[in-house]
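The values are calculated or read from the model by the stated rules, or taken from the named source; none is laboratory data. Treat the numbers as computed from the prediction; the structure is a model and nothing was measured. Positions of Cβ are generated from backbone atoms using ideal geometry, with glycine treated the same way; all protein chains shown enter the neighbour counts. These accessible areas exclude ligands, DNA and RNA; they are computed on the full protein's heavy atoms, side chains included. Shrake-Rupley method; radii C 1.70, N 1.55, O 1.52, S 1.80 Å.
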Amino acid sequence: MSDIKGLFNEELIILNLEAKDDKDAIRQLANRLFKAGYVKESFIEAIIEREANYPTGLSSGDMGVAIPHTDATHVNKAALAIGILKEPVKFHMMGMPEESVSVNIIFMMAIDEPSKHLEMLKTLMTIFQQNDLLNRMRKARKFEEIANIFENAI
């Protein structure tokens, strides 16, 4: 999965994503994956349900990130959708669902093989530990900028 940049493309990145809450943001990204054929229609509700039961919000430096995902049974082809939020939205925190974090960037994972799940998470965690990369990503205005950030990070 070190070739994570091969899992996303321009149609799967939403810059200046406007969302009223976490469910709206998740729905918009999941719909993007569905319309592009990467996931089954069942993915949309499955990912919202999983996020409600197992939240994925994380605090990373001076911003929040979320990594919503669900079972491989809802995925046609592996992909990574990215939403750079225009204004942060609250997500419940991973491991502390009673707490919330203001999320600026969402990394939605559509993993088609359960064995690849951990590898994808490790790669993303490497990126999350580099606050300067996340800030550059948050300020990106073009798909190419996001692609370059990923290419240089991995």
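For Rg and Dmax of the Cα atoms in Å, the listed values are (1) 13.8, 37; (2) 18.2, 53; (3) 21.9, 71; which was obtained by calculation from the structure presented?
(1)
Could you tally up the Lys pairs in the chain with alpha carbons closer than 13 Å? Skip any pair fewer than 8 positions apart unless they're on separate chains.
Lysine pairs meeting the criterion: 7.
May I ask what percent, to the nearest 5, of DSSP beta bridges between residues of the chain are antiparallel?
65 percent
Tell me the mean residue ellipticity at 222 nm calculated for the chain from its helices only (DSSP H runs of n ≥ 4, each -39500 (n - 2.57), averaged over every residue, nearest 500).
That calculation yields -12500 deg cm²/dmol at 222 nm.
How much area per residue is accessible in the chain when the probe is 1.4 Å and only protein heavy atoms are counted (Å²)?
49 Å²
Would you please put 27-37, 8-18 in order of how densely packed they are, using the mean number of other Cβ atoms within 10 angstrom per residue and starting with the highest?
27-37, 8-18
At residue 20 and residue 143, where each label point lies 7 Å from the Cα along Cα→Cβ, what is the point-to-point distance in nanometres?
2.9 nm
Taking 0.36 nm per residue of separation and subtracting the Cα-Cα distance, what length does fully extending residue 119 through residue 27 add?
Here the segment from residue 119 to residue 27 would lengthen by 30.7 nm.
Measure of size requested: the Rg and Dmax of region 8-88, with Cα atoms as the atom set and Å as the unit; please supply both.
Final numbers for Rg and Dmax: 12.2, 35 Å.
Which whole-number percent is the relative contact order of the chain (Cα, under 8 Å, 6+ apart)?
The value is 27 percent.
Quick one: accessible surface of residue 126, probe radius 1.4 Å, all protein chains present, in square angstrom to the nearest 10.
60 Å²
I want to check the label-to-label distance for residue 99 and residue 10. Put each point 7 Å from Cα in the C-beta direction and report it in nm to one decimal.
Using points 7 Å along Cα→Cβ, the separation is 4.0 nm.
Using per-residue counts of other Cβ atoms within 10 Å, averaged over each peptide, order 111-118, 76-83, 145-152 from highest down.
Those peptides, ordered most packed to least, come out 76-83, 145-152, 111-118.
Leaving out ligands, DNA and RNA, and with a 1.4 Å probe, what % of the accessible surface on the chain is carbon or sulfur?
Answer for the chain: carbon and sulfur cover 47 percent of the accessible area.
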